[in-house]
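Here the structure comes first, spelled out in structure tokens, and everything after it is commentary.
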Amino acid sequence: MDTWVPPAVPGYNGNSKKTTPRMITSSFGDGYKQNIPDGLNAIDRSLSYTWADLTPTQLSTMTAFLEAHIGVTFYWTPPLQPIIKLQAMDWTESATGVATTSLIVNFERRYDF
């Protein structure tokens, strides 16, 4: 499995982590509901990171990796966090200057083998 090593560190503003518990719910006629976790890894996590002021070379390196790994899980070590398995779900490029671009990448945490 590949490891993503982007040529720049993401900024600390605009990054986010969304946590969604996955549950199986049984509903009963009297309004009572019973929930249980759905599987061993019942917490879905999605992360969004922003890289600002990338040069054209940095941007092309990063997007080439992402495009080569569509639907493929890879490792990455986000700033101040342990290494995790991720899959890039989508990314957005925005011009930030004459010769610089920002890149926002949305990841989903994966637990596959």
Inset, instruction - Quick one: in the range 73-94, of everything that is part of a loop (DSSP other than H, G, I, E, B) and aliphatic (A, V, I, L, M), which residue is nearest to the chain's Cα centre (by Cα)? - result: 83
Inset, instruction - For the range 19-36, state whether one or more residues are under 24 Å from residue 106 (Cβ atoms), free of Cβ contacts under 8 Å to residues at least 24 places away in the same chain, touching a Lys or Arg at 6+ places or on another chain (Cβ under 6 Å) and not in a strand (DSSP E or B). - result: no
Legend entry - Filter result for the condition that a residue is within 18 Å of residue 112 (Cβ to Cβ) and surrounded by 11 or more Cβ atoms within 10 Å (Cβ to Cβ), over 59, 86: 86
Inset, instruction - Please tell me if residue 50 is in contact with a Gly (Cβ under 8 Å, 6 or more places away or on another chain) and farther than 23 Å from residue 112 by Cα. - result: yes
Inset, instruction - Filter the range 74-87 down to residues that are of a type in the set (S, T, N, Q) and at pLDDT 95 or above, then give me how many there are. - result: 1
Legend entry - Meets criteria (over 11 Å from the mean Cα position of the chain (by Cα) and modelled with pLDDT under 95) for residue 65: no
Legend entry - Answer residue from the range 43-56, given it is within 17 Å of the chain's Cα centre (by Cα) and of a type in the set (A, V, I, L, M, F, W, C) and is surrounded by the most Cβ atoms within 10 Å (Cβ to Cβ) among those: 51
Legend entry - Leading residue by the ranking (surrounded by the most Cβ atoms within 10 Å (Cβ to Cβ)) among those in the range 95-113 that are assigned to a strand (DSSP E or B) and touching a residue at least 60 places away in the same chain (Cβ under 8 Å): 107
Legend entry - Residues of the range 37-58 satisfying the condition of being outside any loop (DSSP other than H, G, I, E, B) and touching a Pro at 6+ places or on another chain (Cβ under 9 Å): 37, 43, 44, 47, 49, 50, 51, 52, 54, 57, 58
Legend entry - Single condition residue 9 does not satisfy, out of (1) within 27 Å of residue 79 (Cβ to Cβ); (2) assigned to a strand (DSSP E or B); (3) among the aliphatic types (A, V, I, L, M): (2)
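The values are calculated or read from the model by the stated rules, or taken from the named source; none is laboratory data. Treat the numbers as computed from the prediction; the structure is a model and nothing was measured. No Cβ is skipped: glycine too gets one built from the backbone with ideal geometry, and neighbour counts run over all protein chains shown.
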